[in-house]
């Protein structure tokens, strides 16, 4: 139980006014009696000698005062809360992921509706309650921490911005859980469209999910036809319940964010399915391109998908080995677009330049500082100075983004995986027997054992791993990924440049240096990284996460100490109408008394 | 004879029709029409007794002397007048009611007066107002009734009455009957009874009330105004108030009953003339 407004309580003074008016109005009818003799004793108990006692039996005045007080209470906006937003500390978590940008009710988005509900909740809390406001998407952000200043809390909620990020309230709940135990009597109130487990926390989840009419572009990729034309393929999904026919447009995207339509196609998509749209032989002048649909649906963010124009370019790989390693050569040979050159002499090695990848295989000692600087490096079974020890007859465990399997080796160097790198093989002692990542501004992969000393090349995992590693290491793009989601961080590796700049979709230019991590990726669109020449310019894109396109019914797991409520209702029963009805009844009763008197 | 709202033709008719005898003991006073316990000089024989020097020799029964050779004197009945004092409370409280208590009080006074006068007794009407007697009428004989009625008709009920002080101011020198007609809204009733008893009065209390006083009927917030002194009290009529009043009224009545018994006074209570 609480009230929305406090100030109407001042109007209770009107009741005092009524009393004063009645005191002034008091004019009882005179009634002549033969003698007050018999009344005298009785007066001691029955007469109203003092002004306030005169009011004791005045039913009309009492009814009027009650009516005024009831109306004051009605003005205060009393309500009863059925949710768990009760406690000395309330932690409000608001989902700001892209799906919350969907239309919800009354021309509001889910986030706008959630913010309003949160504001109502804050207003309804007792003055002493501490409010913490947390936003959540791919990461949590504590907007306001444990304040009893309601205005500040409301302002913080109002200031929450919609993002195009993925995620839900999981990160927010994790953050809240960390704070939860610091408070004696805390409650969690989550505003989201995706169920999140709150465990044993005292929590309420307000659900803003629901079916929406939405269509979105899921993917776009381009293929260089080799004749200055490109083939662009886009996938368009209809998440709604009805079949739709929509125009699908291909755009060139310029550095200032402007778009120029190149081609368009109408596509009919049945409900719940994805259609592929192919733009054949289109000429693309810009490195950035986008495919958009002209759909006025409930979620706008996924109506356009951005991509970088892919230009066919072979990568040259130099393999420097002192032993025949046909397994390795064959594995590299499987990678299309890669030209492999093998040398077993230092002369052959020193003469080469402009290779995308240099592979050192079984060379004994390799001085990393003396090897070419213009490409990426793979070192297999060589001593590099990065080792922390050796192990023999070990069973290595691979458990990473390249797969999960085991490898038995006779002997291997072991490493402490450099920060930011990913271990490829682990020993039982927790050391690494190989890693991939970046070192001194270039991509590097180190494998600590000779491929001849293991059965690994005989397994199916070997060519798969080598394919993935070669693809990664031959990519000379100055950024570690080119297709990202909002909020992702991109690592910049400038080869031959000390400094460059990134131009975001709004045309804002940001200076970057090699090894910088660029995180201003909230805006959907094409980001241009300037190279030395136009040829070395790179485009990376930030797109809408298609997982956010169709967040419909909330799937709950019914476990934990949680109330789930429909958003918009906020679990609050407003008592104002009921109290006004009571006031009307009181006025009717007063009228009846008045008539009778 | 006065004819007004109080003394109507109907009243007179009833008065003539119904006679009542008022018993009283008299031993003193002026000669009158009432037989006295004392021996007197009337023609009605009462008894004999032996002569003692100083007796009127004219009353010696010489026939008895012839038979008994002793001197006997004849004793005759002494006829004395009865003295009835009527104390009529003329306080404003008596002028209350749709048919005012004063009307019944006057009629009671007239009725008693008529019967007293019919018996050749004396009626002294004392109209009490304030702390004194404002009218004192001493009548005897049937012709006195007319004066009595005139005096009663002229009585006005205006101010508060201190009955005790007023009754004390009356000069009671002989035995008699004191009839006090009032509503007895006074705390001095016992003192009044003591005084009258001390003055060798047989006492008749006639309490005149209205039905409203026994069972008041009113509603809302009222300012009760005392008819006598203008004092007022604000009350709000309620069941609890009426209950409390009834309790008070019962105690008041019981007190008068008790005092009447204690001082051997006859009590007649007239409520709305009944």
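The values are calculated or read from the model by the stated rules, or taken from the named source; none is laboratory data. As the structure is a computational prediction, the values presented were derived from the model and not from experiment. Glycine also receives a Cβ, built like all others from the backbone with ideal geometry; neighbour counts cover every protein chain displayed.
Matching residues to (1) within 27 Å of residue A:240 (Cβ to Cβ); (2) at pLDDT 85 or above:
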| position | (1), (2) |
| --- | --- |
| A:106 | yes, no |
| A:112 | yes, yes |
| A:118 | no, yes |
| A:135 | no, yes |
| A:138 | yes, yes |
| A:153 | no, yes |
Test residue B:174 against the stated conditions and say whether it is away from chain A (no Cβ under 12 Å), under 27 Å from residue B:119 (Cα atoms) and either out of contact with any strand residue (DSSP E or B) (no Cβ under 9 Å at 6 or more places or on another chain) or assigned to a helix (DSSP H, G or I) (or both). no
All conditions in (1) surrounded by 19 or more Cβ atoms within 10 Å (Cβ to Cβ); (2) in contact with a helix residue (DSSP H, G or I) (Cβ under 8 Å, 6 or more places away or on another chain) are true of residue B:153 except (1)
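Output the residues belonging to segment B:116-140 that are over 22 Å from residue B:91 (Cα atoms) and in contact with a strand residue (DSSP E or B) (Cβ under 9 Å, 6 or more places away or on another chain). Before the answer, list the steps.
As a first pass, look at segment B:116-140 and keep what is over 22 Å from residue B:91 (Cα atoms): B:116-122, B:139-140.
Those that are over 22 Å from residue B:91 (Cα atoms) and in contact with a strand residue (DSSP E or B) (Cβ under 9 Å, 6 or more places away or on another chain): B:116, B:117, B:119, B:120, B:121, B:122, B:139, B:140.
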Taking residue A:129 as meeting all but one of (1) under 19 Å from the mean Cα position of the chain (by Cα); (2) within 15 Å of residue A:89 (Cβ to Cβ), write down the number of the exception. (1)
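Report yes if residue B:169 is modelled with pLDDT under 85, over 19 Å from residue A:35 (Cα atoms), away from chain A (no Cβ under 14 Å) and surrounded by fewer than 21 Cβ atoms within 10 Å (Cβ to Cβ), otherwise no.
Numbers: modelled with pLDDT under 85: no; over 19 Å from residue A:35 (Cα atoms): yes; away from chain A (no Cβ under 14 Å): yes; surrounded by fewer than 21 Cβ atoms within 10 Å (Cβ to Cβ): yes.
Here the answer is no, as residue B:169 does not meet what is asked.
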Inspect all residues belonging to segment A:246-258 and state whether any of them is surrounded by fewer than 15 Cβ atoms within 10 Å (Cβ to Cβ), farther than 22 Å from residue A:503 by Cβ and in contact (Cβ under 8 Å) with a residue 24 or more places away in the chain. yes
Has segment A:348-356 got at least one residue that is crowded, with 19+ Cβ neighbours inside 10 Å, at pLDDT 90 or above and within 19 Å of residue A:467 (Cα to Cα)? no
Out of B:247, B:243, sole residue that is part of a helix (DSSP H, G or I) and either surrounded by 14 or more Cβ atoms within 10 Å (Cβ to Cβ) or touching a helix residue (DSSP H, G or I) at 6+ places or on another chain (Cβ under 9 Å) (or both): B:247
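Which residues, counting only those in segment A:387-419, are assigned to a loop (DSSP other than H, G, I, E, B) and either free of Cβ contacts under 8 Å to residues at least 60 places away in the same chain or surrounded by 19 or more Cβ atoms within 10 Å (Cβ to Cβ) (or both)? Walk me through how you get there before you give the answer.
First, the residues of segment A:387-419 that are assigned to a loop (DSSP other than H, G, I, E, B): A:401-402, A:416-419.
Answer for segment A:387-419, where residues must be assigned to a loop (DSSP other than H, G, I, E, B) and either free of Cβ contacts under 8 Å to residues at least 60 places away in the same chain or surrounded by 19 or more Cβ atoms within 10 Å (Cβ to Cβ) (or both): A:401, A:416, A:417, A:418, A:419.
The rows are residues; the columns are (1) modelled with pLDDT under 80; (2) under 30 Å from residue B:161 (Cα atoms); (3) outside any strand (DSSP E or B).
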| residue | (1), (2), (3) |
| --- | --- |
| B:11 | no, yes, yes |
| B:14 | no, no, yes |
| B:27 | yes, no, yes |
| B:45 | yes, no, no |
| B:64 | no, no, yes |
| B:67 | no, no, yes |
| B:86 | no, yes, no |
When residues of segment A:32-45 are filtered for being surrounded by fewer than 17 Cβ atoms within 10 Å (Cβ to Cβ) and either at pLDDT 70 or above or more than 7 Å from every other protein chain (Cβ to nearest Cβ) (or both), how many remain? 3
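Conditions tested, residue by residue: (1) farther than 30 Å from residue A:177 by Cβ; (2) at pLDDT 65 or above; (3) facing chain B (nearest Cβ under 8 Å).
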{"position": "A:9", "(1), (2), (3)": "yes, yes, no"}
{"position": "A:20", "(1), (2), (3)": "yes, yes, no"}
{"position": "A:23", "(1), (2), (3)": "yes, yes, no"}
{"position": "A:52", "(1), (2), (3)": "yes, no, no"}
{"position": "A:55", "(1), (2), (3)": "yes, no, no"}
{"position": "A:69", "(1), (2), (3)": "yes, yes, no"}
{"position": "A:80", "(1), (2), (3)": "no, yes, no"}
{"position": "A:88", "(1), (2), (3)": "no, yes, no"}
Tally of residues being loosely packed, with under 13 Cβ neighbours inside 10 Å, outside any loop (DSSP other than H, G, I, E, B) and modelled with pLDDT of 65 or more across segment A:530-577: 1
Just to be sure I understand, how many residues within segment B:227-239 are within 7 Å of chain A (Cβ to nearest Cβ) and without any contact (Cβ under 8 Å) to a residue 60 or more places away in the chain? 6
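Please indicate, with yes or no, whether at least one residue in segment B:197-211 is touching a residue at least 40 places away in the same chain (Cβ under 8 Å), within 14 Å of chain A (Cβ to nearest Cβ), more than 17 Å from residue B:112 (Cβ to Cβ) and not in a strand (DSSP E or B).
Initial filter on segment B:197-211 (touching a residue at least 40 places away in the same chain (Cβ under 8 Å)): B:197, B:201-211.
With within 14 Å of chain A (Cβ to nearest Cβ) added as a condition, the list becomes B:207-211.
Applying the additional criterion that residues be more than 17 Å from residue B:112 (Cβ to Cβ) yields B:209-211.
Then keep just the ones that are not in a strand (DSSP E or B); that gives B:210-211.
Yes; the residues of segment B:197-211 include at least one that is touching a residue at least 40 places away in the same chain (Cβ under 8 Å), within 14 Å of chain A (Cβ to nearest Cβ), more than 17 Å from residue B:112 (Cβ to Cβ) and not in a strand (DSSP E or B).
Give the residues of segment B:212-226 that are assigned to a strand (DSSP E or B) and either more than 10 Å from chain A (Cβ to nearest Cβ) or buried (at least 17 other Cβ atoms within 10 Å of the Cβ) (or both), sorted by residue number. Walk me through how you get there before you give the answer.
If we filter segment B:212-226 for residues that are assigned to a strand (DSSP E or B), which is where we start, we get B:221-226.
B:221, B:222, B:224, B:226, listed by residue number.
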Looking at this structure, is residue A:285 within 37 Å of the chain's Cα centre (by Cα), more than 19 Å from residue A:223 (Cβ to Cβ) and assigned to a loop (DSSP other than H, G, I, E, B)? no
Given segment A:433-503, what strands (runs of 3 or more DSSP E) lie entirely inside it while holding 1 or more residues that are more than 32 Å from the chain's Cα centre (by Cα) and under 16 Å from residue A:396 (Cβ atoms)? A:442-447
